[in-house]
Amino acid sequence: MDTTGITLRTMAFTACVLCASAAQAQAAYPPPTIEVDVAVGQKIAIWIQPNYSVLCRSLGQPTFLLESTPALGAVSPEWIDYTVPNGRRCETMRFPGLIVWYQAGQAAGTDVVVWTVGFPRELTSRVPSSGDHRVTTTIVVR
């Protein structure tokens, strides 16, 4: 039996699994720009995200910082307990998460809001923090 070959194949397989997991996790972070349409007076969720690992462990409460104040409405964070839907990995488990809301005012126009969300990790997690993610959101109020 060629133990070197087996070891190399095992290392290659592990690297592929870790890269796939990282790519899957990275897709969960907000994009650098978001564009949404909203009606006058309407409240919408700009972005929703729980914070947990592929091993079904909590990675801690996400952080939120509003960097620019909207002129035509209001942005507010809501920290939630997210329950994973049935049929998905970690189904029915609860994890900390965040919803970023936009409440449109009574005037039509375009609002640009900049906010930062961070994903810390629990001390018991082996997954490092992904750092802060800055998001510029353009909201068209109609």
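Data for the structure
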{"read-out": "Cβ-Cβ under 8 Å pairs, at least 6 apart or on other chains, segment 90-110 side hydroxyl-bearing (Ser, Thr, Tyr), far side open to solvent by 60 Å² or more (accessible area, probe 1.4 Å)", "value": "Thr92/Thr83; Thr92/Asn86; Tyr102/Lys43"}
{"read-out": "Residue identified as surrounded by 13 or more Cβ atoms within 10 Å (Cβ to Cβ) and either at pLDDT 95 or above or not in a strand (DSSP E or B) (or both) among Glu122, Glu91", "value": "Glu122"}
{"read-out": "From Val114, Val84, Val135, Val127, residue being of a type in the set (Val, Ile, Thr) and at pLDDT 95 or above", "value": "Val114"}
{"read-out": "Subset of segment 94-114 (residues that are β-branched (Val, Ile, Thr) and surrounded by fewer than 18 Cβ atoms within 10 Å (Cβ to Cβ))", "value": "Ile99, Thr110, Val112, Val114"}
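The values are calculated or read from the model by the stated rules, or taken from the named source; none is laboratory data. Computed from a predicted structure; not experimentally measured. FYI the Cβ positions are ideal-geometry reconstructions off the backbone, even for glycines, and counts take in every protein chain you see. The accessibility values were calculated without ligands, DNA or RNA, using every heavy atom of the protein model including side chains. Shrake-Rupley method; radii C 1.70, N 1.55, O 1.52, S 1.80 Å.
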